[in-house]
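Undergrad: Sharing a structure here in structure tokens format.
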Amino acid sequence: NPVRENFTGNVTITGLMKDTQVKITDVSGNLVYETVSEGGQASWDLTTYDARRVRTGVYLVFCATIDGTESYVTKILVAGK
């Protein structure tokens, strides 16, 4: 399901291992957000490093364990009206 443009709150990425590194980029590869999972999940408030709301578009989520033995990539669609 896409995240609607007027959504307020956090997007939660679940099913992660503890301390998974999570990096979110736009489709051009520009880093938008970065965090480390707490327990088995990570949250993103749909803002960039400079606290601006992201634009409508597709965002790639790169997840990897600290030792790099497991990784996963998924995408999030932030949809306009």
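Undergrad: So, in the range 53-68, how many residues would count as being among the aliphatic types (A, V, I, L, M), at pLDDT 95 or above and either over 20 Å from Pro2 (Cβ atoms) or in contact with a Phe, Trp or Tyr (Cβ under 9 Å, 6 or more places away or on another chain) (or both)?
TA: Of the residues in that region, 2 qualify.
Undergrad: Taking Thr8 as the residue in question, decide whether it is among the β-branched types (Val, Ile, Thr) and either in a loop (DSSP other than H, G, I, E, B) or open to solvent by 80 Å² or more (accessible area, probe 1.4 Å) (or both).
TA: yes
Undergrad: If you don't mind, another one. Does Val73 count as in a strand (DSSP E or B) and either closer than 12 Å to Gln21 by Cα or open to solvent by 40 Å² or more (accessible area, probe 1.4 Å) (or both)?
TA: yes
Undergrad: Cβ-Cβ below 9 Å, separation at least six or inter-chain, first residue in the range 37-57 and open to solvent by less than 40 Å² (accessible area, probe 1.4 Å), second polar (S, T, N, Q) and not in a strand (DSSP E or B): which pairs?
TA: Ser37/Thr20; Gly40/Thr20; Ala42/Thr20; Trp44/Asn10; Leu46/Thr8; Leu46/Asn10; Val54/Thr48
The values are calculated or read from the model by the stated rules, or taken from the named source; none is laboratory data. Computed from a predicted model, the values in this text were never measured in an experiment. Cβ atoms come from the backbone with ideal geometry, glycine included; neighbour counts cover every protein chain shown. Each accessible area value is taken on the protein alone, full model and side chains, heavy atoms only, with ligands, DNA and RNA left out. Shrake-Rupley method; radii C 1.70, N 1.55, O 1.52, S 1.80 Å.
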